[in-house]
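Working notes for the structure below.
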Amino acid sequence: MILLVQFTMTRIRGRKKKRILSLRAYISRRNIESLLSQALKEGIRGNICLAEELGQIARKLGKITGVKIPKIYKYFYCKQCKSLIIPGKTMVVRLRTNRTSHIVIRCLKCGYIKRIPIKSRGR
Ligand SMILES: [Zn+2]
């Protein structure tokens, strides 16, 4: 499936190229989603090495084809060491409520801390 994405498009121009590019983006988006869901499953099962590898492949695929990684999966990437982190294995998730309530995600590989504020609904 991944090989299908990497065909060259040197001679194709115009409308046809646009159509092929959108098809390529569609295929790679689906590939990325399936890769990441599989990576998380493997990570939870205990295969952290395999999960990290799958995460790297998904990231590379997104970079080549210009497809952004889905918003939900952005929390599973460490900003500093750029690797996939698995909740309960290489990632610690906590809720804090001093000042404003926020979620704290800590990477156990490099110690990077990411804070995500929780928007309170106005009543
Ligand atoms: Zn990290």
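Read the figures in this text as sums done on the coordinates, not as results from a lab. Note that the structure is a prediction, hence the values are computed from the model and not measured. Note that each Cβ is placed from the backbone with ideal geometry, even for glycine, and that neighbours are counted across all protein chains shown.
Structure summary
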{"quantity": "Least to most buried among Ser28, Ser37 (fewest other Cβ within 10 Å first)", "calculated": "Ser37, Ser28"}
{"quantity": "Listed residue pairs exceeding 19 Å between alpha carbons, taken from Lys74/Lys109; Lys89/Lys109; Lys89/Lys114; Lys74/Lys114; Lys82/Lys119; Lys60/Lys82", "calculated": "Lys82/Lys119"}
{"quantity": "Residue order, fewest to most surrounding Cβ atoms within 10 angstrom, among Arg94, Arg106", "calculated": "Arg94, Arg106"}
{"quantity": "The stretch 2-117: relative contact order as a whole-number percent, Cα under 8 Å and 6+ apart", "calculated": "17"}
{"quantity": "Computed FRET value (nearest 0.05) for Lys60 with Arg99, which takes r as the C-beta separation and R₀ as 25 Å", "calculated": "0.05"}
{"quantity": "Value of D in µm² per second that Stokes-Einstein yields for the stretch 2-117, Kirkwood Rh from Cα pairs, at 10 °C (1.306 mPa s)", "calculated": "101"}
{"quantity": "By average C-beta atoms within 10 angstrom, highest first, the peptides 110-116, 83-89", "calculated": "83-89, 110-116"}
{"quantity": "Between 0 and 90°, nearest 10: helix 14-45 axis offset from the chain longest Cα axis", "calculated": "40"}
{"quantity": "Extended-chain gain in nm, criterion 0.36 nm per residue less alpha-carbon gap, Ile116 and Lys82", "calculated": "10.5 nm"}
{"quantity": "Crossing angle, helix 48-65 versus the chain [Cα axis fit, 0-90 degrees, rounded to tens]", "calculated": "50"}
{"quantity": "For the stretch 72-123, size of Cβ-based charge dipole, Lys and Arg +1, Asp and Glu -1, in debye", "calculated": "180"}
